[in-house]
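Report on the structure given below.
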Amino acid sequence: MQNKIVIIVSVVILLIGGGFYLKSSNSTNETKQIASDGHTDHSHVATTSENHMNNMGSQAIQELGAKIAGTRVVLQNTTLKAGTQNIAFQLFGKDGHVFGPDDLKVAHEKKLHFIVTSDDFKEYFHVHPEFKNGVWSQQLTLKDNTLYQAYVDIVPNEEVAQVLRVPLTIGTPQTKTKVTQNNPQVTVGNITTSIKTESSLASNHENSIVFNIKQGAKDIVPETYLGALGHVIAVSHSDPNNFVHAHPTTHEGEDKDIHFGINFPTAGAYTLFAQFQVNGRVETYPFTVNAGEVHNEPNGHSGASSAPTDTSVHH
């Protein structure tokens, strides 16, 4: 009789723990991952992760090994403030264990890419946190009353490449108009980067986007940075889950222009944060583009719906 009571109590405890965890995991907005198209362009729909979890929920992950969890990132410091601070988080795999460097593949010379943008696109960071005692951490300087979107870009050893999104709220964010770069060229210091695109960009279609870099009047080829001649992060203006991390199809010595093939997940405006290294210094060049809907043309080929021929979006 005592053995039966012990078994019943154990089952009840397990169900309570599992029930709490299921409730916790349901707060994650999981969305479809877009697979790589085989080029150096990796397009993703980011998965929204929880920005906090209490001790009981964390304990349930470790004890139950909840495979239904899905890969997730959990912030350790849930109360953020303006100024310079340490952003700390844990990564959990599908089976609930903590992801460290040994659980991740190297992608463009790093185990983890941490990309942070402010909602008005004035602030942009592409950094690589350190791992210590089960926690990833990165020092950032953030502005007050601003909403940031943080993206954790990883390739787990036993899972597909993916991007996990976590909102970072500082103070009481105010609604702000997104900053757009209306000029097809951006100058930082004495380096000018220009963007050229097809006359009409389309969603769900590989679009040709070309960057030209000049120092004064001279065309220059950027230096290799993180295993590539450049990096582009594209974030949708309407849905922060629409995220693209792209790399050039151009290789060193092929062309003075840097070519990208970029696939936008949905139609709409995107800001492209292009990064190139010149003379040992990495700079970011923001541009805004419009991707139209794809439709079937009379000849059976797909094409873009009407879209502006310039690369800018005007507000």
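The values are calculated or read from the model by the stated rules, or taken from the named source; none is laboratory data. Predicted, not measured: the structure shown is a model, and the values here were computed from it. Virtual Cβ from ideal backbone geometry, glycine too; neighbours counted across all protein chains shown.
Of VAL160, VAL166, VAL179, VAL98, which residue is of a type in the set (Val, Ile, Thr), surrounded by 19 or more Cβ atoms within 10 Å (Cβ to Cβ) and more than 20 Å from TYR225 (Cβ to Cβ)?
VAL166
Residue under question is PRO286, and the condition is that it be more than 25 Å from LYS111 (Cβ to Cβ) and either at pLDDT below 95 or not assigned by TED's automatic domain parsing to the domain that holds ILE213 (or both); does it hold?
In short, no.
What is the residue count in the stretch 253-272 for residues that are part of a strand (DSSP E or B) and crowded, with 21+ Cβ neighbours inside 10 Å?
Looking only at that region, the number is 7.
For the stretch 239-267, name all the residues that are in contact with a Gly (Cβ under 9 Å, 6 or more places away or on another chain) and more than 27 Å from LEU112 (Cβ to Cβ).
The one that is in contact with a Gly (Cβ under 9 Å, 6 or more places away or on another chain) and more than 27 Å from LEU112 (Cβ to Cβ): ALA267.
Filter the stretch 208-252 for residues that are over 12 Å from the mean Cα position of the chain (by Cα), assigned to a strand (DSSP E or B) and within 19 Å of GLN185 (Cβ to Cβ) and give the result.
SER208, ILE209, VAL210, PHE211, ASN212, ILE213, LYS214, GLN215, LYS218, ASP219, HIS231
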